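Beneath this line is the structure, given in structure tokens, with notes to follow.
The values are calculated or read from the model by the stated rules, or taken from the named source; none is laboratory data. The structure presented is a predicted model; accordingly, all values stated were derived computationally and were not measured. No Cβ is skipped: glycine too gets one built from the backbone with ideal geometry, and neighbour counts run over all protein chains shown. Surface accessibility is based on the protein's heavy atoms, side chains included, excluding ligands, DNA and RNA. Shrake-Rupley method; radii C 1.70, N 1.55, O 1.52, S 1.80 Å.
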Amino acid sequence: MTVAIDRATGRRRGDRAPEPGLGRRLKNSYRRHWYAYAMITPVAVVLGVLVLYPLAYGLYLTLTDANSLNTARTIGVNHIDATYKFIGLDNYKDILFGATSYDRFWSHFIWTIVWTALCVALHYSIGLGLALLLNQRMRGRTVYRLILILPWAVPTFVTVFGWRFMLADGGIINLFLDALHLPAPDWLEDTFWQRFAAIMVNTWCGVPFMMVSLLGGLQSIDSSLYEAAEMDGATAWQRFRYVTLPGLRSVSSTVVLLGIIWTFNQFAVIFLLFGTTAPDAQILVTWAYYLGFGQQPRDFAQSAAYGILLLAILIVFTSFYRRWLNRNEQQLAI
């Protein structure tokens, strides 16, 4: 058998060229795609400054005992150096397993889960109901859409402050209940009614997003599927169950995931409604703010540890949620 040899290189013809090193590959990639690198560099710098650096610094703080008394600060013309020290994982141990762990973490964690589940369930169910109504042919449908989307278009702080005034002791809601000779709850003082009011206000703010997203999903479903189901004698409930819900599966999975993440970290509604009061109505993100900025001394290390725990919880939940969706899609494909 004859083997052809390349005289210039001394290699046999047909042999694969050796793989270039990492540095060489990066250099070649830069030469070929320098314009793309130039376009994404500003975004990468902004993300590094606004996301990566605070995240890394916050992770470092969780391993210290930093608070407002031992961090570096300037008082008048005097500069005081930082005196906090490295303590490892003690903050996480204290939060999760300490003597006051239930009052400081687990009670807020349980309420956060309940708050998220109830709010997202109400967002989706009410939003789907309104989307189904607006998907029907009716007179003035455009006007109804504009009216129903207003709570989402109005800035959150305006909406929450408006609800705060209405829920006050002399607010319009209690005046209306008094006129009907019904008991007027202490919306902003009693723990149960504080939580009820927070869920009610957040539902008001979040339903329009679900409604618009699901309405877009409904309009993308092929109308011939409904016609075929109706010709086969399917009832309205059967058309909804076997045509509408499967047609909304991709949209629903996305908006529910976004709704869970946003609601789990919903700072504005709780904080603007109650401030740093109402400790039993605080969810984890607002409780973390209270530890870092709402008390004296301000506990920066514990507050940062809460933030890292929140991030870890959402990452774990999102990974399991996506796996569950992929498993269901594979089963449906089979």
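Please name whichever of 49, 265, 306 sits farthest to the positive end of the charge dipole of the chain, dipole taken about the Cα centre and charges placed at Cβ: Lys and Arg +1, Asp and Glu -1.
49
Which of the peptides 28-38, 201-211 is most tightly packed, and how do the rest follow, going by the mean number of other Cβ atoms within 10 Å of each residue? Please report the intermediate quantities before stating the final value.
Details: 28-38: 10.1, 201-211: 23.0.
Result, highest mean Cβ count within 10 Å first: 201-211, 28-38.
I'd like to compare 269-279, 153-163: which one has the highest average count of other Cβ atoms within 10 Å, and what's the full order after that? Each step should come with its number before you reach the end.
On the way: 269-279: 18.6, 153-163: 14.5.
Packing proxy ranking, top to bottom: 269-279, 153-163.
How high is the relative contact order of the chain? Use alpha-carbon pairs under 8 Å, at least six apart in sequence, and give a whole percent.
Numbers: 297 pairs, mean separation 74.7, N = 334.
The normalised contact order for the chain reaches 22 percent.
Quick check on the stretch 153-217: take the gyration tensor over C-alpha atoms, sort the square-rooted eigenvalues as a ≥ b ≥ c, and tell me if it's rounded (a/c under 1.5), prolate or oblate.
Details: a/c = 2.27, a/b = 2.17, b/c = 1.05.
Prolate is the answer for the stretch 153-217, as a/c is 1.5 or above and a/b outweighs b/c.
Got a sec? Which residues in the stretch 140-178 would a label at residue 184 touch, if it sits 7 Å along Cα→Cβ and we count backbone N under 11 Å?
167-178
In Å³ and rounded to a whole number, note down the convex hull volume per residue for the Cα atoms of the stretch 228-334. Present the calculation step by step, with values, prior to reporting the outcome.
Details: hull volume 13.5 nm³, N = 107.
Spelled out: Cα convex hull of the stretch 228-334, divided by residues, is 126 Å³.
Multiply the residue separation of residue 220 and residue 72 by 0.36 nm, subtract the distance between their alpha-carbon atoms, and state the gained length in nm to one decimal. Before the final figure, lay out the partial values.
Values: separation 148, 0.36 × 148 = 53.28 nm, distance 5.72 nm.
Gain on stretching residue 220 to residue 72: 47.6 nm.
At a 1.4 Å probe, what is the % contribution of carbon and sulfur to the accessible area of the chain?
Values: 13910 of 21490 Å².
Taking all protein chains in place, the chain shows 65 percent carbon and sulfur surface.
Which of rounded, prolate or oblate describes the stretch 45-190 when judged by the alpha-carbon gyration tensor and an a/c cut-off of 1.5? Could the numbers behind the result be given before it?
On the way: a/c = 2.25, a/b = 1.86, b/c = 1.21.
Because a/c hits 1.5 or more and a/b exceeds b/c, the stretch 45-190 counts as prolate.
Keeping every protein chain present and rolling a 1.4 Å probe, give me the accessible area per residue for the chain in Å². Write down the numbers at each step before the final one.
Values: 21490 Å² over 334 residues.
I get 64 Å² per residue for this part.
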